[in-house]
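Structure record follows, encoded as structure tokens.
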Amino acid sequence: MIIRNSARCLNCNDEIESKHRHDFVVCSCFEESQSLYAIWQDEKAGIYGGVDKIPAYRYKEAPVVTGIGVDGGHEYLRRIGKPELFHDTSVIDRGAQSDE
């Protein structure tokens, strides 16, 4: 039985917890890098104000998406991100019986 479904991001040090089924939670550096990636995609497509308004370093290559995500609440454990980027802080009672 899952008592706590959580992980600590080793990049930004956020500890995030998924509290119920399908509660997908991400750390702050994941959110930031996803935002930068979305802006980069818009810039590459010419949607974000045109190439003349983009700093040169931003449109050469895509930003690397960092950080982690946790999903599943007390139903299942799911992690998003590279294993070396997080420390699992979940609490699991292996002696408890599941209701299912």
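The values are calculated or read from the model by the stated rules, or taken from the named source; none is laboratory data. Keep in mind that what you see is a predicted model, and the values were worked out from it rather than measured. No Cβ is skipped: glycine too gets one built from the backbone with ideal geometry, and neighbour counts run over all protein chains shown.
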If we ask which residues in the range 57-87 are part of a loop (DSSP other than H, G, I, E, B) and modelled with pLDDT of 85 or more, their number turns out to be 10
Counting only residues in the range 4-56 that are of a type in the set (Ser, Thr, Tyr) and either modelled with pLDDT of 75 or more or not in a loop (DSSP other than H, G, I, E, B) (or both), the one surrounded by the most Cβ atoms within 10 Å (Cβ to Cβ) is identified as 18
Selection over the range 66-89 where residues are farther than 13 Å from residue 9 by Cα and either of a type outside the set (Asp, Glu) or in contact with a His (Cβ under 6 Å, 6 or more places away or on another chain) (or both) yields a count of 6
Counting only residues that are under 11 Å from the mean Cα position of the chain (by Cα) and more than 18 Å from residue 91 (Cα to Cα), the range 13-34 contains a total of 9
